[in-house]
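The values are calculated or read from the model by the stated rules, or taken from the named source; none is laboratory data. All values reported here derive from a predicted model rather than from experimental measurement.
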Amino acid sequence: MSLQGEVQEKTRQKVKEPKFYHVIMHNDDFTPMDFVVALLEQIFHKEEPEAVRLMYMVHRSGRAAVGTYPYDIAVTKAQTGMAMAREQGFPFRLTVEEAE
């Protein structure tokens, strides 16, 4: 069977990779270091040595990225962390920034 005069078209779909976002922890003078470590372990599932390292990074430099996630997950983790801090009376702050 011959297909004369018919044109077959190939359709290419470009799949766009989802953007990722960093969750940024900000230092303050009131939130205890052990609370920050516990938060890193509970919300961001960091092992204790990594949580301590990140806590000191935040303490020394004023801020640090503690995880990179799709937008919804990043926002949820940031909101959960700030809610935990507020429950304890701490002014701890987490923000979300688009990853490069």
**OP:** Just name the residue that is nearest to residue 39 (Cα to Cα) out of those in segment 50-89 that are small (Gly, Ala, Ser) and within 9 Å of the chain's Cα centre (by Cα).
**Re:** 78
**OP:** Could you tell me which residue of segment 1-58 is nearest to residue 90 (Cα to Cα), considering only residues that are hydroxyl-bearing (Ser, Thr, Tyr) and modelled with pLDDT of 95 or more?
**Re:** 31
Original post:
So which residues in segment 66-94 are β-branched (Val, Ile, Thr) and more than 19 Å from residue 53 (Cα to Cα), if there are any at all?
Top reply: 73, 75, 76, 80
